[in-house]
1. Do we find that residue 66 is among the polar types (S, T, N, Q), in a helix (DSSP H, G or I) and either within 27 Å of the chain's Cα centre (by Cα) or exposed (fewer than 10 other Cβ atoms within 10 Å of the Cβ) (or both) in this structure?
2. Got a number for residues in the range 132-145 being surrounded by 11 or more Cβ atoms within 10 Å (Cβ to Cβ) and part of a helix (DSSP H, G or I)?
3. Given the conditions (1) of a type in the set (D, E, K, R); (2) within 28 Å of residue 148 (Cβ to Cβ); (3) modelled with pLDDT of 90 or more, and given that residue 91 satisfies all but one, which numbered condition is not satisfied?
4. Of all residues in the range 123-161, how many are small (Gly, Ala, Ser) and under 30 Å from residue 92 (Cβ atoms)?
5. What is the residue count in the range 76-86 for residues that are over 15 Å from residue 112 (Cα atoms) and either surrounded by 11 or more Cβ atoms within 10 Å (Cβ to Cβ) or small (Gly, Ala, Ser) (or both)?
6. Could you tell me whether the range 7-18 includes any residue that is modelled with pLDDT of 85 or more, touching a Leu at 6+ places or on another chain (Cβ under 7 Å) and not charged (D, E, K, R)?
7. Of the residues in the range 105-131, how many are more than 20 Å from the chain's Cα centre (by Cα), free of Cβ contacts under 8 Å to residues at least 40 places away in the same chain and buried (at least 17 other Cβ atoms within 10 Å of the Cβ)?
8. Report, ordered by the first and then the second residue, all pairs with beta carbons closer than 8 Å, sequence separation of six or more or different chains, a first member in the range 147-161 that is over 18 Å from residue 99 (Cβ atoms) and part of a loop (DSSP other than H, G, I, E, B), and a second member that is among the charged types (D, E, K, R) and at pLDDT 85 or above.
Amino acid sequence: MTARAPSPGRQPLPRGFTLLEVLVALMIFTFAAVVLGSAYVNVLNGYDLAQKANARTEGLEFARSQLLVTADHDQAEQGGAFDDTDGSHVRWHAQIDPTPTVDVFSVTFTCEIDDPVKHVPETVTENFMILRPTWSEPTARTKLLADVKTRIEKIQGVAPK
């Protein structure tokens, strides 16, 4: 094929991109690559933070489970300590107070996690209510049960015996 000469009075049709168009396209591509790259780095940082938070949460949950399986009141208040899988040392103790409800206790749970990397212990305090019949003192439990029975009889209109 031979190239035909343009007709007189007609402009030749452009057959490629101008330098300005190529530079604008490269600038748009570069901008998109930077935005997507920074978004990817943010996702990786988020995964790293979530993994570290899960490691701290695992130690806290295990300490809480040790409190919940402890049947002796005094031993539960004294607490315990253990080394976690991530190398941190975890210490916990609880303040256990009886409530007016039979076998229900108000617990202030304190857990201290020594992170070997941070060198600053992190203290977590939680307050919750727990039903533990084994922590009740027999005389206090008997008195609370008698008080409950009296209140129920009063509500029902039955004369106490």
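1. yes
2. Summing the residues that are surrounded by 11 or more Cβ atoms within 10 Å (Cβ to Cβ) and part of a helix (DSSP H, G or I) in the range 132-145 gives 7.
3. (2)
4. Within the range 123-161, the subset small (Gly, Ala, Ser) is 136, 140, 146, 157, 159.
Now drop any that are not under 30 Å from residue 92 (Cβ atoms), which leaves 136, 140.
Total meeting the criteria: 2.
5. In the first step, residues of the range 76-86 are kept if they are over 15 Å from residue 112 (Cα atoms); the result is 76, 85.
Cutting the leftovers down to either surrounded by 11 or more Cβ atoms within 10 Å (Cβ to Cβ) or small (Gly, Ala, Ser) (or both) gives us 76.
Residues in the range 76-86 being over 15 Å from residue 112 (Cα atoms) and either surrounded by 11 or more Cβ atoms within 10 Å (Cβ to Cβ) or small (Gly, Ala, Ser) (or both): 1 in total.
6. Looking for residues that are modelled with pLDDT of 85 or more, touching a Leu at 6+ places or on another chain (Cβ under 7 Å) and not charged (D, E, K, R), one finds none in the range 7-18, hence no.
7. 1
8. Cβ pairs passing all conditions: 159/153; 160/153; 160/154.
The values are calculated or read from the model by the stated rules, or taken from the named source; none is laboratory data. The structure presented is a predicted model; accordingly, all values stated were derived computationally and were not measured. For neighbour counting, all protein chains shown are included, and Cβ atoms are generated from backbone atoms with ideal geometry for every residue, glycine included.
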